[in-house]
Amino acid sequence: MAEAKQENRQGLHEVQERIAAAAHIAGRGLDAAKLIAVSKTRSAEDIRPLLLDGQRIFGENRVQEAADKWPALTSEFPDAQLHLIGQLQSNKAKDAVALFDFIHSVDRRSLIKALGKAMKEAKRKPPCFLQVNIGAEAQKGGCDIADIPKLLKAADEQGVPIIGLMCLPPAEVEPAPYFALLNELAQREGLSELSMGMSADFETAVKLGATYIRVGTALFGPRS
Ligand SMILES: *Cc1c(COP(=O)(O)O)cnc(C)c1O
């Protein structure tokens with residue numbers, strides 16, 4: 001286990017250096033892109049070394065897994081920040097609002113309604129991203145590009161704060177055009193935050209304006 005911890009640490013430093021290098025090339029500030037350490041499927045023992053090394057922003061894709069794993073870690077590290085990056089069912093909106101500090105996967109009117117209600121009841125408004133199906137893929141979550149304006153309007157009406165756009169570009173093709181498009185769409189709507197870039201492409205995302213990158217395997221190694 002000592003070895004695994006060492007590996008996580010090296011992974012963190014290496015990823016931080018690569019983010020800094022990409023930001024530098026793009027003429028962006030060192031803090032322009034925040035690193036979300038995607039800890040889905042990882043145990044508390046895998047996660048703790050990163051917390052000890054100062055990493056504070058983490059991403060999970062399932063409400064239940066995060067609810068099982070994180071309360072113990074956040075009692076130890078109260079300033080840890082938890083981001084929901086996976087698809088969210090409306091019936092889990094209440095749990096998600098209670099547990100997460102940011103929600104990246106808002107993509108439809110029914111979910112916006114459920115989140116609005118949950119936020120009102122909990123008197124807690126985690127900032128959210130509208131997830132966009134940027135490659136118009138049948139199997140992917142995220143809203144159609146054409147639906148962005150009306151979903152932003154719905155979020156506004158329901159009191160759900162949307163701070164930016166999020167995407168997962170199509171696999172196995174050059175992601176840069178999709179990142180550039182997401183950036184353009186966000187600018188068009190006056191949204192300042194962009195959640196894009198994963199282990200395979202985060203440097204490209206940083207160069208194209210990502211403000212949050214979501215990195216799992218480059219930090220923790222392959223998921224089993
Ligand atoms: C798992 C996941 C990531 C991280 O993927 P890696 O390739 O392991 O970096 C990023 N975003 C979302 C939405 C994910 O589900």
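Summary table below
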{"item": "Filtered residue count, the stretch 74-88, keeping only those that are closer than 19 Å to residue 143 by Cβ and more than 14 Å from the ligand (Cβ to nearest atom)", "result": "0"}
{"item": "Of all residues in the stretch 197-224 being touching a strand residue (DSSP E or B) at 6+ places or on another chain (Cβ under 6 Å) and more than 9 Å from the ligand (Cβ to nearest atom), the one that is farthest from residue 161 (Cα to Cα)", "result": "205"}
{"item": "Test: residue in the stretch 104-122 that is open to solvent by less than 10 Å² (accessible area, probe 1.4 Å), more than 26 Å from residue 154 (Cβ to Cβ) and among the small types (Gly, Ala, Ser)", "result": "no"}
{"item": "Matching entry among 17, 7 (being at negative phi, at pLDDT 95 or above and over 17 Å from the mean Cα position of the chain (by Cα))", "result": "17"}
{"item": "Selection from the stretch 74-95 of residues that are outside any strand (DSSP E or B) and either touching a Pro at 6+ places or on another chain (Cβ under 7 Å) or open to solvent by less than 40 Å² (accessible area, probe 1.4 Å) (or both)", "result": "77, 80, 85, 86, 88, 93"}
{"item": "Residues (more than 19 Å from the chain's Cα centre (by Cα), open to solvent by 80 Å² or more (accessible area, probe 1.4 Å) and either among the hydrophobic types (A, V, I, L, M, F, W, C) or at pLDDT 95 or above (or both)) located in the stretch 125-143", "result": "136, 138"}
{"item": "Checklist (1) more than 30 Å from residue 158 (Cβ to Cβ); (2) open to solvent by less than 40 Å² (accessible area, probe 1.4 Å); (3) within 16 Å of the ligand (Cβ to nearest atom) applied to residue 41, failing item", "result": "(2)"}
{"item": "Test set (1) of a type in the set (A, V, I, L, M, F, W, C); (2) touching a residue at least 40 places away in the same chain (Cβ under 8 Å); (3) near the ligand (Cβ under 8 Å from one of its atoms) - residue 168 fails condition number", "result": "(2)"}
{"item": "Complete set of residues in the stretch 158-184 that are of a type in the set (A, V, I, L, M, F, W, C) and open to solvent by less than 10 Å² (accessible area, probe 1.4 Å)", "result": "160, 165, 166, 167, 179, 182"}
{"item": "Qualifying strands (runs of 3 or more DSSP E) (wholly inside the stretch 129-218; at least 1 residues being over 27 Å from residue 117 (Cα atoms))", "result": "212-215"}
{"item": "Single residue of 153, 140 found to be more than 14 Å from the ligand (Cβ to nearest atom) and among the charged types (D, E, K, R)", "result": "153"}
{"item": "Condition met for residue 66 (open to solvent by 10 Å² or more (accessible area, probe 1.4 Å) and either modelled with pLDDT of 95 or more or aliphatic (A, V, I, L, M) (or both))", "result": "no"}
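The values are calculated or read from the model by the stated rules, or taken from the named source; none is laboratory data. Note that the structure is predicted; figures quoted are calculated from it, not measured. Positions of Cβ are backbone-derived with ideal geometry, glycine not excepted, and every protein chain shown enters the neighbour counts. Protein only, heavy atoms only, side chains kept; ligands, DNA and RNA dropped before computing areas. Shrake-Rupley method; radii C 1.70, N 1.55, O 1.52, S 1.80 Å.
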